[in-house]
Amino acid sequence: MYYNDSYTDPQLFNAKTFAQTLATACAPIPVFRAALKQGDQILNSRFETHLSALEVIPQRAWLMDQILVRAWYLRTWPHPDKIALVAVGGYGRKELHPHSDIDLLILIEENLDIETQSSLENFLVFLWDIGLEVGHSVRTLDECQQTAKQDITVMTNLIESRLLVGAQYLFEAMQSLTHPQQIWSDEDFFAAKKQEQIKRHHKFYDTAYNLEPNIKESPGGLRDIQMIAWVAKRRFHAYTLHDLIRHGFLTEEEYKTLIKAQEFLWQVRYRLHQLTGRHEDRLGFDYQRTLAKKLGYEDDAQRLGVEHFMKQYYRTAWEVSSLNEILLQLFEEAILYSGPTLIRPLSSRFQICNGFIEVRHSRVFLDYPFALLEIFLMLQHHPDIKGIRASTARLLRYYTYLIDAAFHKDLRARSLFFEIIRQPSGITKAFRMMSRYGVLAAYLPAFGRVTGQMQYDLFHVYTVDQHTLFVIRNLRRFIVPRFYDEFPLCSKIMQDLPKPELLYLAGLFHDIAKGRGGDHSELGQHDALEFCQAHGLSDYDSRFVAWLVKHHLTMSTTAQRQDTSDPDVINAFAQRVGDQHHLDYLYLLTVADIRATNPTLWNSWKAALLENLYHKTKHALQKGLQNPIDKNVRVRDIKLEVGRLLQDHSLNTVDNLWQAIHRDYFLRSTPLDIARETRAMLTKPVNQPLVMIREGMQGGTEFMIYTDNKDSLFVDTTLYLEQQNVTIVDAYIVAAAIGKAHCTLLNYTVLEENGQPIQSQERAEAIRQGLADTLQSASRFVPINRRQPPQVKHFPVPTRVVFKVDFVNSHTVMEIVTTDRPGVLSRIAQAMMKCEVRVKNAKIATFGTRVEDVFHITDKYNRPLHLPDQFDKLQEQLAVLLDEAKPDIPSAIAI
């Protein structure tokens, strides 16, 4: 793969032809530029036609050697025996991507004299003039040693150095001065590099599964392979990864895996540099689709080409991370723990060696395949164990092929799996380690199929396998005492569950059928049922787990897309759930699932929605499914309770006001709010709007508006709230015909941009007053200066509008799916106003870049929309206004 000193490539760079051209040229710069351009074209052509990145990248470094050496000899050096040009870093490794840094060290014997300084400056300017961007340092031998002593990065660069041209003795002296006997002993160097890797991984949240990974620096990236090479070269004088086989650290199979991973990452990085025209290592959304296409990944019926590509990337990163972990532990044992080995027997198959669990002999897994699961149970029983010893981890990876059909029929293996999932502690760690070493994917082949599988959007920020493990972690946190304050209701329910292992199984299977095509909930329930029955669960428990998998989205959808103040909605959900047992498990799974989808997705509003649905459903179940809650009875009971709070007002006056207000207001309000707002409405000055902040609202900040009817009311208020940079998550409007006056009650629930209620009383009061002022002024529009994050343009959501006529409740349900952007709700409101459509209720939900809003609407006579021309007209207006609202175009606001 790498060239040696005798390597030549006349097609890439013909030394004789170059010398002749240079000799007859008027100036050298065009000659060098032409050689670089021609070489770049040849290398790109080779890469496109027949050579891999493993071959082209070293060739590019060789080409750069020829250019730099000849540029060096163009200069007159006053003391050529006292200066040397040295390649360091990646270039020193003979690895040069199209726009990689060209790192150079100019090594000098002593401080530069004026003439040498001038020659060096001319040399560097010349490199700039011919189009090279180099990173360089000029150091004496002593400065090299001192700088390397102080900075592990400099030391690492020097490990990879090689002499290009100049004084050989200076280069050898530099190598001697930076030898482990001089600075950075093997122990110190390894400890420093390991700590450096830990810090680097922390920057990427210790996961390779970021949506826009850095193919060089992220966990599982090229730097993790280089980390292995640095330690190997420094401590074991292994100049290639293959040398580690001879030293007993790598197997031939692991070496092939590493090289294959490096080739893939190099292919991606090479393409990325070509595509961006610069040194770029972040695999951003801007490039993922194009790279996938360039690398030959195509869309199919189940997944996009870019999803296939990123799955390959994540699986490669997982392989690199796994081997990096094993090798660094082996290095650590050889370098840091070379003293006495402390052995403590655990069983006939396992023992603890220096704090790590290991097999007692190399044939344990071969002789007892069920031990592939048993080792994780041992880790749960002994939480003081640091981890799995590298040699045993290697055996785990190798012997996963033993997890076959016979293994699945082995009662010992099935029993061990359920022992692991039934343990009181260590379940999350056990599953993560099973996943890391490939055991979980081998035991659950369906899990293996979703390993590394991403969904190309901004909503699901983790691959399916990582999301699943996060769900299990979240479920476990509900039962851990130190996390009780996070979700008190969840923790209380969790403590009373008779069989929490059924919940963990549902978490393990809830997304396992993603990427197959079809409804993953439907497909996943069959996998879950088959697995549970094969493992000896009762028919009831097996079907219960399958039910949870099938309905794992039901509670979330109901809470976020339906009006849970409507007793009919609660009754229907209670009928689907059936009993308290199902409700408890489903609620816990729903909370854990949403929290594991996206760190920014969970907020106090979603928590309040789900908790509210849980309590209302629990009440309905206690009342009995045969005795469903009646709306009119519920409204009557609420009015009686509020009446007791309004004894200071005339009953007739209060009743006259209430008769004019639609029952939805009472169903969606607490008795205290109704009493407070009734007093305010009865004393409101004529022709002045009433705007109040509801107190004690959980999950969001609620504004109640009572004002005269106005066609632009919904438009004006949504525009104003958008101007305040708050997110509307819920809204409802009810009519109030009091005498000859036609009034409207409008209620908004809003969140700050961080997903939390408005914390400042001053800010809430300012918004309240702003709403009141808006209602008393005419609308006029100016641009909003807010812009969407740049990633949004890579995930456009086609606008889709669906109408459903609900004659029973006298409205039409309009569902809108579109791309999120500033001003989207007010644009929808404008479309409805232009079509003389009224809003009764709105459920606002955003998932990444995807808006899924539900509106209950009527015509201006409060009748459901049901005629095709009504739908066509509204769809046309929505298309016009939403298509105008591109992410990069400012939206409008009212002032």
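In the range 376-497, carbon and sulfur make up what percent of the accessible area (probe 1.4 Å)? Walk me through the intermediate numbers first.
Numbers: 2740 of 4890 Å².
After summing per-atom areas, the C and S share lands at 56 percent.
Over the chain, what is the relative contact order in percent, taking alpha-carbon pairs closer than 8 angstrom and at least six residues apart?
6 percent
Per 0.36 nm of contour for each residue apart, how much would the distance between Phe483 and Ala25 grow if the chain were fully extended, relative to their Cα-Cα spacing? Before the final figure, lay out each step's value.
Numbers: separation 458, 0.36 × 458 = 164.88 nm, distance 7.56 nm.
In short, 157.3 nm is gained.
Out of residues 5 or more away from Val165 or on other chains, whose amide H comes under 5 Å of its own, with H placed 1.01 Å from N in the peptide plane?
For Val165, whose amide H was placed from the backbone, the distant partners under 5 Å are Leu85.
Where in the range 72-111 does the amide nitrogen come within less than 11 Å of the point 7 Å from the Cα of Thr49, taken along Cα to Cβ?
none
Quick one: compute the contact order of the range 333-450, relative version, from alpha carbon pairs under 8 angstrom and 6+ residues apart, as a percent.
Details: 124 pairs, mean separation 26.8, N = 118.
Once divided by the residue count of the range 333-450, the mean separation gives 23 percent.
Contour minus end-to-end for Glu419 and Leu275, with contour as 0.36 nm per residue of separation and end-to-end as the Cα-Cα distance? Show your work: numbers first, answer last.
Values: separation 144, 0.36 × 144 = 51.84 nm, distance 5.10 nm.
Contour length minus the Cα-Cα distance gives 46.7 nm.
Add +1 for every Lys or Arg and -1 for every Asp or Glu among the other residues with Cβ under 11 Å from the Cβ of Gln580, and state the total.
-2
Among Gln380, Phe470, Leu865, which residue has its Cα furthest toward the positive end of the charge dipole of the chain, with +1 on Lys/Arg Cβ and -1 on Asp/Glu Cβ?
Comparing the listed Cα positions along the dipole, Leu865 ranks first.
Nearest 500 deg cm²/dmol is fine: what mean residue ellipticity at 222 nm does the chain get from its DSSP H runs of n ≥ 4 alone, each adding -39,500 (n - 2.57), divided by its residue count? Spell out each step's value before the answer.
Values: 39 runs with 476 residues, N = 895.
Estimated from H runs of four or more residues: -16500 deg cm²/dmol.
Calculate one ³J(HN,Hα) per residue across the range 187-204 by plugging θ = phi - 60° into the Karplus curve 6.51 cos²θ - 1.76 cosθ + 1.60, and present them in order as whole Hz with x for glycine and proline.
5, 5, 4, 4, 4, 5, 5, 5, 5, 4, 5, 4, 5, 5, 5, 4, 4, 10
So if each residue of separation counts as 0.36 nm, and I subtract the Cα-Cα distance between Tyr169 and Ile114, what length gain in nm does that give? Mind dumping the intermediate values first?
Numbers: separation 55, 0.36 × 55 = 19.80 nm, distance 2.29 nm.
Here the segment from Tyr169 to Ile114 would lengthen by 17.5 nm.
Would you list Asp496, Asp673 from the most to the least accessible area, probe 1.4 Å? Before the final figure, lay out the partial values.
Values: Asp496 110, Asp673 20 Å².
Accessible-area ranking of Asp496, Asp673, largest first: Asp496, Asp673.
I'd like the carbon and sulfur percentage of the solvent accessible area for the range 548-596, probe radius 1.4 Å, heavy atoms only, ligands and nucleic acids excluded. All intermediate terms of the calculation are to be shown ahead of the outcome.
Values: 570 of 1330 Å².
Within the range 548-596, the accessible surface is 43 percent carbon and sulfur.
Charges only on Cβ, +1 for Lys and Arg, -1 for Asp and Glu: so what's the dipole of the range 355-398 about the Cα centre, in debye to the nearest 20? Intermediate results must be reported in sequence, preceding the final value.
Values: 6 positive and 4 negative charges, 40 e Å.
With only Lys, Arg, Asp and Glu charged at Cβ, the dipole is about 200 debye.
Got a sec? Which residues in the range 848-874 would a label at Arg800 touch, if it sits 7 Å along Cα→Cβ and we count backbone N under 16 Å?
848-855
Mind checking the angle between helix 371-381 and the chain's longest principal axis? C-alpha axes, 0 to 90 degrees, to the nearest 10.
Result, in degrees: 70.
Report the FRET efficiency, 1/(1 + (r/R0)^6), for Tyr205 and Lys618, where r is their Cβ-Cβ distance and R0 is 35 Å, rounded to 0.05. All intermediate terms of the calculation are to be shown ahead of the outcome.
Working: r = 37 Å, r/R0 = 1.05.
Efficiency computed from Cβ-Cβ geometry: 0.45.
Need one word for the range 382-428: rounded, prolate or oblate. Basis is the Cα gyration tensor (sqrt eigenvalues a ≥ b ≥ c); a/c below 1.5 gives rounded, then a/b vs b/c decides. All intermediate terms of the calculation are to be shown ahead of the outcome.
Details: a/c = 3.29, a/b = 1.11, b/c = 2.96.
Oblate shape, in that a/c is at least 1.5 and b/c is the bigger or equal ratio.
How far apart, in nm, are two points set 7 Å out from the Cα along the Cα-to-Cβ line at Val880 and at Glu522?
In this crude label model, Val880 to Glu522 measures out at 3.9 nm.
When the accessible area of the range 612-752 is split by element with a 1.4 Å probe, what percent falls to carbon and sulfur?
Values: 3190 of 6530 Å².
Carbon and sulfur: 49 percent of the exposed surface of the range 612-752.
Net charge near Gln688: determine it from the other residues with C-beta under 12 Å of the C-beta of Gln688, scoring Lys and Arg +1 and Asp and Glu -1. Write down the numbers at each step before the final one.
On the way: positive: Lys684; negative: Asp708, Asp773.
Once positives and negatives cancel, what remains is -1.
Between Lys710 and Ser810, what FRET efficiency comes out of the Förster formula 1/(1 + (r/R0)^6) with R0 = 35 Å and r the beta carbon distance, rounded to 0.05? Could the numbers behind the result be given before it?
Working: r = 22 Å, r/R0 = 0.62.
Plugging the Cβ-Cβ distance into 1/(1 + (r/R0)^6) gives 0.95.
Around His811, which amide H atoms from residues at least 5 apart in sequence, or from another chain, sit under 5 Å from its own amide H, with H modelled in the peptide plane?
Asp806
Short version: ³J(HN,Hα) in whole Hz for each residue of the range 563-572, in order, from phi by Karplus 6.51 cos²θ - 1.76 cosθ + 1.60 (θ = phi - 60°), x for Gly and Pro, what are they?
8, 6, 7, 7, x, 5, 5, 5, 4, 5
Could you tell me what fraction of 2.2 N^0.38 Å the Cα radius of gyration of the range 603-700 comes to, as a two-decimal ratio? Display every interim value, and only then the final one.
On the way: Rg = 15.7 Å, N = 98, 2.2 N^0.38 = 12.6 Å.
In units of the globular-protein estimate, the range 603-700 measures up at 1.25.
For the range 157-164, in order, what is each residue's ³J(HN,Hα) by Karplus, 6.51 cos²θ - 1.76 cosθ + 1.60 with θ = phi - 60°, in whole Hz (x at glycine and Pro)?
4, 6, 4, 9, 6, 8, 6, 8
Quick one: if the Förster radius is 45 Å, what FRET efficiency do Thr554 and Asp773 give, using the C-beta to C-beta distance and rounding to 0.05?
Numbers: r = 43 Å, r/R0 = 0.95.
About 0.60, to the nearest 0.05.
Quick one: net charge around Asn214, please, counting Lys, Arg +1 and Asp, Glu -1 for every other residue with C-beta under 11 Å from its C-beta.
Details: positive: Arg200, Lys203, Lys216, Arg223, Arg269, Arg282; negative: Glu212, Glu217, Glu280, Asp281.
Every neighbour counted, the sum reads +2.
Where nothing but the Cβ of Lys and Arg (+1) and of Asp and Glu (-1) is charged, how large is the charge dipole of the chain around its Cα centre, in debye to the nearest 20?
Numbers: 101 positive and 106 negative charges, 282 e Å.
With Lys and Arg at +1 and Asp and Glu at -1, about 1360 debye.
I'd like the orientation of helix 28-49 relative to the chain: the angle between its Cα long axis and the longest Cα principal axis, in ° from 0 to 90, rounded to 10.
Its long axis makes an angle of about 60 degrees.
Between helix 520-534 and the chain, what is the angle of the helix's C-alpha long axis to the longest principal axis, kept within 0 to 90° and rounded to the nearest 10?
With rounding to tens, the tilt is 80 degrees.
Just to confirm, what accessible area per residue do you get for the chain at 1.4 Å probe, in whole Å²? Present the calculation step by step, with values, prior to reporting the outcome.
Numbers: 39300 Å² over 895 residues.
Ligands and nucleic acids excluded, the result is 44 Å² per residue.
If you take Rg and Dmax of the Cα atoms in Å from the coordinates, which of [x] 35.0, 115; [y] 34.2, 109; [z] 43.9, 152 do you get?
It is the one labelled [y].
Give the shape of the range 821-863 as rounded, prolate or oblate, defined through the alpha-carbon gyration tensor: a ≥ b ≥ c are the square roots of its eigenvalues, a/c under 1.5 means rounded, and otherwise the shape is prolate if a/b is larger than b/c and oblate if not.
Numbers: a/c = 4.10, a/b = 1.81, b/c = 2.26.
Oblate, since a/c reaches 1.5 and b/c is not below a/b.
Let me make sure I get this right: for the range 86-217, a, b and c are the square roots of the gyration tensor eigenvalues over alpha carbons, sorted descending. Under 1.5 in a/c it's rounded, otherwise prolate if a/b > b/c, else oblate. Which is it? Write down the numbers at each step before the final one.
Working: a/c = 2.60, a/b = 1.34, b/c = 1.94.
Here the range 86-217 falls in the oblate category.
The values are calculated or read from the model by the stated rules, or taken from the named source; none is laboratory data. From a predicted model like this one, the values you see are computed outputs, not experimental measurements. Positions of Cβ are generated from backbone atoms using ideal geometry, with glycine treated the same way; all protein chains shown enter the neighbour counts. Note: accessible area is taken over every heavy atom of the protein model, side chains too, but ligands, DNA and RNA are not part of it. Shrake-Rupley method; radii C 1.70, N 1.55, O 1.52, S 1.80 Å.
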